[in-house]
Amino acid sequence: MNRIFFVPCLTFISFGSVQASDISLEPNGQKTDQTVSVFPDFISNCDMAYVSTYLAHNHLNTLTNQYTFEDTSYKIKGVLLKTHELNNSKTNITQTAFQSALEQLAN
């Protein structure tokens, strides 16, 4: 028997102009998040945001593959630990992470 336990969440949201009400999972995404572990793409793709930030601020001397990997790994670990503190189940990970991120943005 093949069973799925983990899937990445693929969404495309421009956080520059997003409103809290704009972020939600569509019905299939909600059902999937309630059934299996869904890893939110805004967490897994944060490395591109860091690279863009470094380039925008001319921090090219610190922009190495090793630094980028270590820095983003550290950030991703922190977000996952925070998400796990809020919800230690294997489901509803994406919804918990979205909710936590929105609360941080609002404060």
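Would you pick out the residues in the stretch 88-107 that are more than 15 Å from the chain's Cα centre (by Cα) and free of Cβ contacts under 8 Å to residues at least 12 places away in the same chain?
Asn88, Ser89, Asn107 - these are the residues of the stretch 88-107 that are more than 15 Å from the chain's Cα centre (by Cα) and free of Cβ contacts under 8 Å to residues at least 12 places away in the same chain.
Mind listing just one residue for me: the one in the stretch 82-92 that is of a type in the set (Ser, Thr, Tyr) and part of a loop (DSSP other than H, G, I, E, B) and, of those, farthest from Thr32 (Cα to Cα)?
Looking at residues that are of a type in the set (Ser, Thr, Tyr) and part of a loop (DSSP other than H, G, I, E, B), I get Ser89.
If a residue counts only when it is of a type in the set (Phe, Trp, Tyr) and at pLDDT 70 or above, which helices (runs of 4 or more DSSP H) contained entirely in the stretch 1-81 have at least 1 such residues?
The qualifying helices (runs of 4 or more DSSP H) are 41-44, 46-56.
Taking only pairs six or more apart or across chains, which ones have beta-carbon atoms under 6 Å, a first residue in the stretch 37-61 that is hydroxyl-bearing (Ser, Thr, Tyr), and a second residue that is modelled with pLDDT of 75 or more and assigned to a helix (DSSP H, G or I)?
Between residues of the stretch 37-61 that are hydroxyl-bearing (Ser, Thr, Tyr) and residues that are modelled with pLDDT of 75 or more and assigned to a helix (DSSP H, G or I), the close pairs are Ser37/Ile93; Tyr50/Thr72.
The values are calculated or read from the model by the stated rules, or taken from the named source; none is laboratory data. Everything numeric here is computed off the predicted structure, so don't read it as measured data. With ideal geometry, Cβ positions are generated from the backbone for all residues, glycine too; neighbour counts draw on all protein chains shown.
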